[in-house]
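These notes are about the structure you will find just below.
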Amino acid sequence: MTATPFFYWLRRKVRPLTRALQFFLINSYYHDGKSQDLIYGTGCSFNNAIFNTASGKIYIGDSVIFGYSVMVLTGKHQFVEGRRISLNTNECSKQEVPLSGYDIQIGDGSWVSSGAILIGNAKVGKNSIVCAGAVVTKRFSDYSIIAGCPAVQIGSTLNL
């Protein structure tokens, strides 16, 4: 069965629109929290990253590249005697999610690879690489190559 000329005409008209929509969906990000708590520099590429600023601010330097499906999460739940506060009937009056104190910093020129997760109080120094699937829970200096779960420094970008 051959396609009709109308089908070819329609495909030529629709293709640019679908490409623009794909570009927007892939190169955008999702942010949960106060908009002023997500601070980023110029030339950043987000590739559908997720940012949660429930318990702190996220500072992103200039020219930072995020791979696909990166999560940057400041949110943290409070626990009392091994249970979340909302599940502990004796502690209902306390706030379960702290509002500050779990800031995340990502330095200029860094690359956070696909599937990486950065959790509150994490810091990635300038010109660093966070490898795919790494779970960053602590602070790393400039020029670090970071990998693992939990993440550790496995090298330096100065040697590349």
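Cα-Cα pairs above 26 Å in the chain: how many percent?
Considering the chain, 40 percent of its Cα-Cα pairs are separated by more than 26 Å.
Which net charge results for the neighbourhood of Cys44, defined as the other residues with beta-carbon distances under 13 angstrom from its beta-carbon, given Lys and Arg at +1 and Asp and Glu at -1?
Charge balance near Cys44 sits at -2.
To the nearest 0.05, how large is the calculated FRET efficiency for Asn48 and Val80 if R₀ is 22 Å and r is the Cβ-Cβ distance?
Working from the Cβ atoms, E equals 0.05.
Could you tell me the number of lysine pairs in region 28-159 with C-alpha atoms less than 25 Å from each other, where the two lysines are 8 or more residues apart or belong to different chains?
Lysine pairs meeting both conditions in region 28-159 amount to 15.
Relative to the present Cα-Cα distance, how much length would full extension add between Lys34 and Ser100 at 0.36 nm per residue of separation?
22.6 nm
Highest GNM mean-square fluctuation, the chain, Cα pairs closer than 10 Å: which of Gly133, Gly82, Gly107?
Gly82
Taking trypsin sites (Lys or Arg not before Pro) as candidate sites, keep only those in a DSSP loop with at most 11 other Cβ atoms within 10 Å, then name the longest stretch of the chain containing none of them.
95-160
Enter the angle in degrees (range 0 to 90, nearest 10) between the Cα long axis of helix 5-26 and the first principal axis of the Cα atoms of the chain, meaning the one along which they spread out most.
20
When the helix-only estimate is applied to the chain (DSSP H runs of n ≥ 4, each -39,500 (n - 2.57), divided by the residue count), what is the mean residue ellipticity at 222 nm, nearest 500 deg cm²/dmol?
Result for the chain, helices only: -5000 deg cm²/dmol.
Can you figure out the FRET efficiency of Asp142 with Ile65, using R₀ = 22 Å and their beta-carbon distance, to the nearest 0.05?
0.85
Bear in mind these aren't lab numbers, they're just calculated from the coordinates by the rules spelled out. If you're wondering where the values come from, they're calculated on a predicted model, not measured in any experiment. Here Cβ is always computed from backbone atoms with ideal geometry, including for glycine, and neighbour counts include all displayed protein chains.
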